[in-house]
Amino acid sequence: MTAMLEIRNLHVSVEGQEILRGLDLTIKPGEVHSIMGPNGSGKSTLAQVLAGRDSYDITDGSVVFRGKDLLDMDPDERACEGVFLAFQYPVEIPGVKTTQFLKAAVNAIRAHHGEDELDAADLMGHFREKMKLVHIEPDLLRRSVNEGFSGGEKKRAEIFQMAVLDPALCILDETDSGLDIDALKIVADGVNSMRSPDRGFLVITHYQRLLNYIVPDFVHVLVDGRIVQSGGKELALQLEEKGYGWINAPVGAGA
Amino acid sequence: MISTTDQRTMTILDLPGATPDDVAFPPWLATMRRAAATRFAELGLPARNDEEWRHTSLRSLQSTPLVPAGGTASSLDAGVVNAAALPGLTGPRLVFVDGVLSADLSSLDALPAGLTVLPLSEAAARHETLVREHFGVLADGAREAFTSLNTACLGEGTFVHVARGVDITEPILVLAIATGRAATATHPRLLLIAEESSRASVVEDYVSLGHVPHLTNIVTEIFVGANAHVQHAMAVRETDEAFNISTLKVRQERDSYFASHSALFGGALVRNQVNPVLVGTGGHSLLNGLYLPRGRQHHDSHMRVEHQAPNCESRQYYAGILQDHAHGVFSGRIVVSQIAQKTDAIQQNRNLLLSKDAQANTKPQLEIYADDVRCTHGATIGELDEEALFYLRSRCLSEEAARGLLVYAFAREGLERIELAPLRDALTNLLVEQLPYRGLLDSFVGDEAG
Ligand SMILES: Nc1ncnc2c1ncn2[C@@H]1O[C@H](COP(=O)(O)OP(=O)(O)O)[C@@H](O)[C@H]1O
Ligand SMILES: [Mg+2]
């Protein structure tokens, strides 16, 4: 099968400091990849760069998504093409309700694919169905986006949006952080229900715990902006046992 | 229709001597009018070295030739008036065209029991004692040139009285239209007396239709009785040639509630002065405002909240969206007298700059003479939040749609404080027309309730 996402030799800097230093990663449809790494290793940088954040300088390398140059697209174009990022720190937006922008989002995707807009009633029906997936009450979506949400509510709201937008590539940046075990299971169930042969996942996490519930096909270890080791799901368990110190010495570019 | 060609034009300083006294006021009011003219001549217009006018120059007003309002009502097609009026406000209304009351366009039929709405001259004749005890008491013009000017040039005004315990649900509308047929100077005046435990709301709406310089110099006096609940809204929707100066004076008795909502949507120079005085314990005052100057417009809001009794609360929430070369000014003074212990006052002013050439000035001023009070104030001047923009774009919204939504949300927050749903909706629709990216906002509007 051809790759959905192909990252080649990606170099990214912020304010002259190189953060990603030659990263390679290939994700095929249906695969779940996990990136693990210590704090500051560049995990969120990778996620943000893939989503199109323009405060990073891409100094070298390429990213091809479904045959198109991803780095050449605006953030909204990437989202319409099927890239979704569940943020590590979802931003609070006073005065903007989730349903308010999500209706526009769904219709923007539909327009991008030449489909007719859905009316408000259809959209609300679609939303209600997805709310059940991550145990979200409608009231939460009538409040300003993420404002006053608990840590768990923020993460569940992100997965809810992901389910509504039905992306081809789901990037989850530390979706497990700050969740208790019950919330973690709800989020993981939501993600697992979306697994399909057409969809790819990039699950970024600091701890192995999440991967007990979202079982990855591949695990990559990111240290200092490079993938230093790749393997199957057992690699996550080894990291849990031995810590990152065990592979601290870079062993060249990833597998 | 007024013929404008043969009228003498003059500067603002000449107006008191030239304004016709063609409205039949009783002698005591005529005397007041003359005294105010003298006072205005003594005061002159405020200059930039007056601290309260530091950011707002009146030079262009001073050099603008003006025509005093008066005579018979300029005719205006009812269709034009209805199109200009805020939709959804179906209660009693008085319509002024170029400063002159139009009986044909007004509707004061079938008022509920306990509500009196009258032209001021008629009220002065029929309820002389009541009017005399209140008119000019809050707005005495001793130190304020524009208040003196208003009294000196007094034409027809509006009188509203709500009897004790009476609850009026429908807002009373005062619609003043400047046709643009002449460079008119008008001096709208409103006196509202809400007796104990009554409830009422009034909307003043100032609209200009033409692109001719004109002055609208408004004075409003509101007496809020004990335990009464009064809401006042002021919409300024004038064109790039208009000077709109307003002075709102309010006196609040014990346990009363007063809300002032100001929607400054247009006008070359808009000066919005709101001054509630809390004289009884347990009063609550809300001053809520939104200013949206565009082009080279200058919108200046001056609040003065006076706590003269213990245990009162006041809230000031003003937000400005500044586009193009526009200039927004906010000054909020909170004065807490020595006896006003347990005062709880909050002031917040937020400014969103949408252009490099736009400018905002904000200044909180606290004068606190009591020791057991809680006064907080905060002011921000900033651009759109880049994090929020990226978040929305990562959710498929185009840059324009994301910016539009964020601007709309910023402005809409103030409108959400308006309790009167038809007014809130009407102002929201107007707001959208004033914002950048308005073509993209349709899908967001009206969705605030979910
Ligand atoms: N916008 C930024 N400005 C400056 N430094 C940044 C920025 N984003 C990330 N960094 C730096 O890049 C490094 C990697 O950060 P990040 O990608 O957030 O790591 P992780 O998500 O793995 O914890 C850190 O040293 C961080 O301080
Ligand atoms: Mg991170």
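The values are calculated or read from the model by the stated rules, or taken from the named source; none is laboratory data. Bear in mind the structure is a predicted one, so any value in this text is a computation, not a measurement. Neighbour counts run over all protein chains shown; Cβ positions are idealised from the backbone, glycine included. Remember, those area values only see protein heavy atoms, side chains included, never the ligands or the DNA or RNA. Shrake-Rupley method; radii C 1.70, N 1.55, O 1.52, S 1.80 Å.
Observations, loosely collected:
- Rounded to 5, percent antiparallel among DSSP beta bridges of the protein assembly as shown: 20 percent
- For segment B:295-436, with all protein chains in place and a probe radius of 1.4 Å, 45% of the accessible heavy-atom surface sits on carbon or sulfur.
- List of segment B:377-397 residues, accessible area with partners at least 20 Å² below that of the chain alone (1.4 Å probe): B:Glu387, B:Ala388, B:Phe390, B:Tyr391, B:Leu392, B:Arg393, B:Ser394, B:Arg395, B:Cys396, B:Leu397
- Taking every DSSP bridge with both residues inside chain B, close to 5 percent are antiparallel.
- B:Ala84-B:Arg126 pseudo-label distance in nm [points 7 Å out on the Cα-to-Cβ vector]: 2.6 nm
- Options B:Leu405, B:Ala421, B:Leu431, ranked by Cα towards positive dipole end of segment B:387-450, top entry (Cβ charges): B:Leu405
- Per residue accessible area of segment B:2-280, 1.4 Å probe, in Å²: 37 Å²
- Principal semi-axes of the equivalent ellipsoid, √(5λ) from the alpha carbon gyration tensor of the protein assembly as shown, are 61, 25, 23 Å from largest down.
- Each pair of Cα atoms in chain A enters the Kirkwood radius, and Stokes-Einstein at 10 °C and 1.306 mPa s then converts it into a translational diffusion coefficient of 85 µm²/s.
- Applying 1/(1 + (r/R0)^6) with r as the Cβ-Cβ distance of B:Ser60 and A:Leu237 and R0 = 51 angstrom yields a FRET efficiency of 0.10.
- As a rough guide to protection, the peptides B:288-295, A:236-243, B:277-284 ranked by mean Cβ packing within 10 Å, highest first, stand as B:288-295, B:277-284, A:236-243.
- Cα gyration tensor, segment A:31-104 - rounded (a/c under 1.5), prolate or oblate: oblate
- Hydrodynamic radius of segment B:296-450 by the Kirkwood approach over all distinct alpha-carbon pairs: 17.3 Å.
- Fraction of beta bridges assigned by DSSP in chain A that are antiparallel (%, nearest 5): 55 percent
- Rounded to the nearest 20 debye, the dipole magnitude of segment B:387-450 is 120 debye, with +1 charges on Lys and Arg beta carbons, -1 on Asp and Glu beta carbons, and the Cα centre as origin.
- Prolate/oblate/rounded label for chain B (Cα gyration tensor, a/c 1.5): rounded
- Proximal charge balance of A:Val191 [Cβ under 12 Å; K/R count +1, D/E count -1]: +2
- Radius of gyration and Dmax over the Cα atoms of segment B:106-145, both given in Å: 13.2, 40
- Relative intensity of segment B:387-450 on a log10 scale, I(q)/I(0) at q = 0.16, 0.24 Å⁻¹, equals -0.51, -1.02, per a Debye sum over C-alpha point scatterers of equal strength in the absence of solvent.
- For A:Leu222, neighbours were defined as the other residues whose beta-carbon sits under 13 Å from its Cβ, and their charges (Lys and Arg +1, Asp and Glu -1) total -1.
- What the Cβ-Cβ distance of A:Asp217 and B:Glu419 gives, at R0 = 41 Å and to the nearest 0.05, is a FRET efficiency of 0.15.
- Residue-span extension gain [B:Ser107 to B:Met10] - 0.36 nm each, minus C-alpha spacing: 31.5 nm
- Between A and B, roughly 2400 Å² of accessible area is buried in total, ligands, DNA and RNA not counted and the probe set to 1.4 Å.
- Against the main long axis of the alpha-carbon atoms of chain A, helix A:98-112 sits at an angle near 80°.
- Segment B:2-280 - percent of accessible surface contributed by carbon and sulfur, probe 1.4 Å: 50 percent
- Within segment A:67-132, GluC sites (Glu not before Pro) in DSSP loop having at most 16 other beta-carbon neighbours inside 10 Å: A:Glu115, A:Glu117
- Taking a Cβ cut-off of under 10 Å around B:Arg296, the surrounding Lys, Arg, Asp and Glu residues balance to a net charge of -2, with basic ones at +1 and acidic ones at -1.
- Applying 1/(1 + (r/R0)^6) with R0 = 25 Å to the Cβ-Cβ distance of A:Asp57 and B:Glu386 gives a FRET efficiency near 0.95.
- Set of segment B:262-289 residues, backbone N closer than 16 Å to the point 7 Å along the Cα-Cβ line of B:Ala142: B:277
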